[in-house]
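What follows is one structure encoded as structure tokens, with my remarks underneath.
The values are calculated or read from the model by the stated rules, or taken from the named source; none is laboratory data. Given the structure is predicted, the values throughout are model-derived calculations rather than measurements. Here the Cβ is made from the backbone with ideal geometry for all residues, glycine too, and neighbour counts use every protein chain on show.
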Amino acid sequence: MIDHLIPKTLHEALSAMERVHFIKVAGGTDLMVQRRMGPMVEPRFESPVIFLYHLKELNYVKEEDHQLIIGSMTPMEDLLHHPSIPNHFKKVLNDIASPGIRQMATLAGNLANASPAADTLVYLYASRAEILLASLHHERIVPIRDFITGVKKTVLKDNELIKEIHVPLCPCTTFTWTKVGGRKSDAISKVSFVGMAEMSDHHLKKIGIALGAVAPMVISDHAMEDDLQGLSIKELSMRKDAIIKHYASQINPIDDQRSNKTYRRKVAINLLTQFLDELLLKGMTSWTHTLWNILNASYAKKHIP
Ligand SMILES: Cc1cc2nc3c(=O)[nH]c(=O)nc-3n(C[C@H](O)[C@H](O)[C@H](O)COP(=O)(O)OP(=O)(O)OC[C@H]3O[C@@H](n4cnc5c(N)ncnc54)[C@H](O)[C@@H]3O)c2cc1C
């Protein structure tokens, strides 16, 4: 029986995964910590291990049909410096771990680890990312909301790996990312939040909201977001309290060594409120601006020959 495999190609990896139940290792930054046995002792793995990080076939970033296609073995540090990655996504990546860890850490690992405190998840939920899973004979695309099914649980089958992450590009007019951690870097989030929205003609064209580390899974509600699309600023302002109540009812944090329920709950609600206020303020400012332009134009018409 083999205890590890370093495949030369993706095909070799997928073929071997048809025969053997492997633990898949990307950058190993989660796995090595989870399996550590103490100083000077090798980490212990209960099943054979397959190393994937070196597979160049899975290391790329492309832009297609208004979405990013990210190969699963692209290190986060490469994403941070890639010209196709939008600045708001880079803000999230920049707050993850430290440059050394980001050289190894991958989005795929962050996703497959399925921790509610994983920082990229809030961005990926708010963006409605999709995950391309591949096995030797089959590929399937799974929306992120169906990919993660619980704490540390996903729909990945033994013979499948994450091949790509597809992230729709948002032409956001408002974007907020907040990570509340114990220190500036290398901190696990106490609470994380992403809010993104596109406003046009004083109407909400798109909105994405996701809260992390305050429930067993990231809190995100695509049906609610769809319902908000098309609202005018006035309608949105009338719905503000109901929106906050809706998300607050799903916030169900834990007490742990990093923080407590009461703090997490309060901060999460504050972050959502701030995001909605910013959105409304921007919408009203642009509405006032338009009104000002109309008044100016009619004054000019009447008084300037
Ligand atoms: C010091 C330190 C600081 C950290 N700081 C942060 C932080 O600020 N924010 C944060 O979110 N995380 C943080 N982490 C956690 C970790 O770095 C991230 O979760 C990272 O994205 C994991 O990616 P990886 O490639 O190292 O995954 P790995 O450890 O290799 O794998 C993690 C899981 O994903 C599975 N997996 C990996 N790739 C695939 C694939 N292609 N297909 C199927 N399954 C796959 C593995 O089997 C495993 O279950 C930190 C870790 C350390 C050690």
- Residues of segment 1-35 that turn out to be assigned to a loop (DSSP other than H, G, I, E, B) and either under 20 Å from Glu139 (Cα atoms) or more than 10 Å from the ligand (Cβ to nearest atom) (or both), as a count: 11
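Taking the condition in a helix (DSSP H, G or I), surrounded by 14 or more Cβ atoms within 10 Å (Cβ to Cβ) and outside the structural domain of Leu121 (by TED's automatic domain parsing), does Ser189 pass?
Working: in a helix (DSSP H, G or I): no; surrounded by 14 or more Cβ atoms within 10 Å (Cβ to Cβ): yes; outside the structural domain of Leu121 (by TED's automatic domain parsing): yes.
No, not satisfied.
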- For Ser200, state whether it is of a type outside the set (Asp, Glu), within 16 Å of the ligand (Cβ to nearest atom) and within 22 Å of His88 (Cα to Cα). no
- Message: Every residue in segment 141-153 that is farther than 18 Å from Ser127 by Cβ, within 13 Å of the ligand (Cβ to nearest atom) and assigned to a strand (DSSP E or B), please.
- Response: Lys153
- Filter segment 80-101 down to residues that are in a loop (DSSP other than H, G, I, E, B) and either closer than 16 Å to Val61 by Cβ or of a type in the set (Lys, Arg) (or both) and give me whichever is farthest from the ligand (Cβ to nearest atom). Pro83
- Message: Condition first: closer than 30 Å to Asn113 by Cα and surrounded by fewer than 14 Cβ atoms within 10 Å (Cβ to Cβ). Can you find one or more residues in segment 271-285 that meet it?
- Response: no
- Item | Among residues of segment 63-79, those that are over 14 Å from the mean Cα position of the chain (by Cα) and either in a helix (DSSP H, G or I) or more than 21 Å from Leu132 (Cβ to Cβ) (or both), counted | 2
- Please specify each residue of segment 225-241 satisfying the condition of being within 21 Å of the chain's Cα centre (by Cα), loosely packed, with under 15 Cβ neighbours inside 10 Å and in contact (Cβ under 8 Å) with a residue 12 or more places away in the chain. Gln229
- Message: Can you tell me which residue is modelled with the lowest pLDDT among those in segment 242-259 that are surrounded by 14 or more Cβ atoms within 10 Å (Cβ to Cβ) and farther than 29 Å from His203 by Cα?
- Response: Ile254
- Please go through segment 116-140 and pick out each residue that is surrounded by fewer than 23 Cβ atoms within 10 Å (Cβ to Cβ), within 12 Å of the ligand (Cβ to nearest atom) and in contact (Cβ under 8 Å) with a residue 40 or more places away in the chain. Ala117, Ala134, Ser135
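Based on what the data block shows, is Asn59 within 15 Å of the ligand (Cβ to nearest atom) and closer than 22 Å to Ala187 by Cα?
no
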- Query: assigned to a helix (DSSP H, G or I) and polar (S, T, N, Q), is that true of Ser237?
  - Reply: yes
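Within segment 102-115, take every residue that is more than 6 Å from the ligand (Cβ to nearest atom) and either under 15 Å from Lys179 (Cβ atoms) or in the same structural domain as Lys190 (by TED's automatic domain parsing) (or both) and give me the one that is surrounded by the fewest Cβ atoms within 10 Å (Cβ to Cβ). Write out each step before concluding.
From segment 102-115, those more than 6 Å from the ligand (Cβ to nearest atom) are 102-103, 107, 111, 114-115; that's our starting set.
Imposing the further condition that a residue be either under 15 Å from Lys179 (Cβ atoms) or in the same structural domain as Lys190 (by TED's automatic domain parsing) (or both) reduces the set to 102, 115.
Values: Arg102: 21, Ser115: 19.
Here the residue is Ser115.
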